[in-house]
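The values are calculated or read from the model by the stated rules, or taken from the named source; none is laboratory data. Everything quoted here is computed from the prediction, not taken from an experiment. FYI the Cβ positions are ideal-geometry reconstructions off the backbone, even for glycines, and counts take in every protein chain you see. Heads up: the accessible areas ignore ligands, DNA and RNA and are worked out on the full protein's heavy atoms, side chains in. Shrake-Rupley method; radii C 1.70, N 1.55, O 1.52, S 1.80 Å.
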Amino acid sequence: MDLPLLEDDLAQPAVLNPEMVVKPGASLPEAAVLCFFPEVVDAAGAEGRRVLRLRSELGPWPVYEIEVDGRPVAVIQPGIGAPLSVIFLEELIALGVRAVVAVGGCGSLVPELTVGHAVVVDSAVRDEGTSLHYLPPARVVDADPAGVATLAETLDEAGVPYVTARTWTTDAIFRETRSRVDRRREEGCAVVEMEASALIAVARHRGISLAHLLLAGDSLAGEAWEHRGWTTARAARDGLFRLAARAALAL
């Protein structure tokens, strides 16, 4: 099929670049965390300081700076879904960020991943549209092995159990059909979320380091969807954020 997403113009420069829209002269630490947990980012902002505001049609979007082991780390809540999180990642890169750890929630596709279980992403099925503007078409994109190793080492040092697994990145949370869930499991996906494959693609295209850490939340493993109260697991969410910040400094 002649789909627009498959048009090959990856080598051509963009008309609009992130450097054109970020605040002139502003800069950020080289290490950053994209944290999808809003209450955790709010707490980090209260602990640190707001260093600038990015802008979108959603209004001003704060970027905070915290200190971790005596070193600065930028922190942002990057919205939800591949397109918006990629916009903010691109702008952070334009402001000097070179090492990023994304940390957020995911749905379990296998029953053994209970609420709060940590997942290090080692690859992602690209069931979203954004990554095709950054990398040639392919079904799966592999995460940076150095990022996977750094996250694993950080979690090992903290004594936090985790699995290393493939994720299914999708744009359509309300179109995760049973047949599609089954197919994703068959090709090795343990979890599902909305950003990983796109963030991996941007990092590779821009030449920065990126790793992705997930917290197992709701479940699609059974016949019926289960919420499992994962949004109230605040201690686990904050704990993974702190480890993500340390891993970003180690990338």
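Remarks
- Checked against (1) closer than 30 Å to Arg228 by Cα; (2) assigned to a loop (DSSP other than H, G, I, E, B); (3) in contact with a Leu (Cβ under 7 Å, 6 or more places away or on another chain), Val22 meets all criteria but (1).
- Considering only residues in region 1-34 that are surrounded by 10 or more Cβ atoms within 10 Å (Cβ to Cβ) and among the charged types (D, E, K, R), the one that is farthest from the chain's Cα centre (by Cα) turns out to be Glu7.
- Of all residues in region 85-133, those satisfying the criterion of being among the acidic types (Asp, Glu) and either under 26 Å from Ser219 (Cβ atoms) or at pLDDT below 95 (or both) are Glu112, Asp122, Asp127, Glu128.
- In region 49-58 there is no residue that is within 13 Å of the chain's Cα centre (by Cα) and within 23 Å of Met194 (Cα to Cα).
- Pairs are defined by a Cβ separation below 7 Å, a sequence spacing of at least 6 or placement on different chains, a first member in region 174-190 that is surrounded by 16 or more Cβ atoms within 10 Å (Cβ to Cβ) and part of a loop (DSSP other than H, G, I, E, B), and a second member that is among the hydrophobic types (A, V, I, L, M, F, W, C) and modelled with pLDDT of 95 or more; the pairs so defined are Glu176/Val192.
- When residues of region 82-98 are limited to those that are open to solvent by 10 Å² or more (accessible area, probe 1.4 Å) and among the aliphatic types (A, V, I, L, M), the one farthest from the chain's Cα centre (by Cα): Ala94
- A Cβ distance below 9 Å, combined with a sequence gap of six or more or placement on separate chains, defines the contacts here; from region 148-166, residues that are touching a residue at least 60 places away in the same chain (Cβ under 8 Å) and closer than 26 Å to Arg184 by Cα reach residues that are open to solvent by less than 50 Å² (accessible area, probe 1.4 Å) and assigned to a helix (DSSP H, G or I) in the pairs Leu151/Leu243; Leu151/Ala244; Leu151/Ala247.
- Top-ranked residue in region 158-172 [being over 14 Å from the mean Cα position of the chain (by Cα) and part of a strand (DSSP E or B); ranked as nearest to Ala124 (Cα to Cα)]: Ala165
- Residues in region 113-149 that are farther than 17 Å from Ala196 by Cα and crowded, with 20+ Cβ neighbours inside 10 Å: Leu113, His117.
- Residue match in region 202-209 (condition: part of a strand (DSSP E or B), modelled with pLDDT of 95 or more and open to solvent by less than 20 Å² (accessible area, probe 1.4 Å)): no
- Of the residues screened, Thr167 is one that is polar (S, T, N, Q) and under 22 Å from Glu90 (Cβ atoms).
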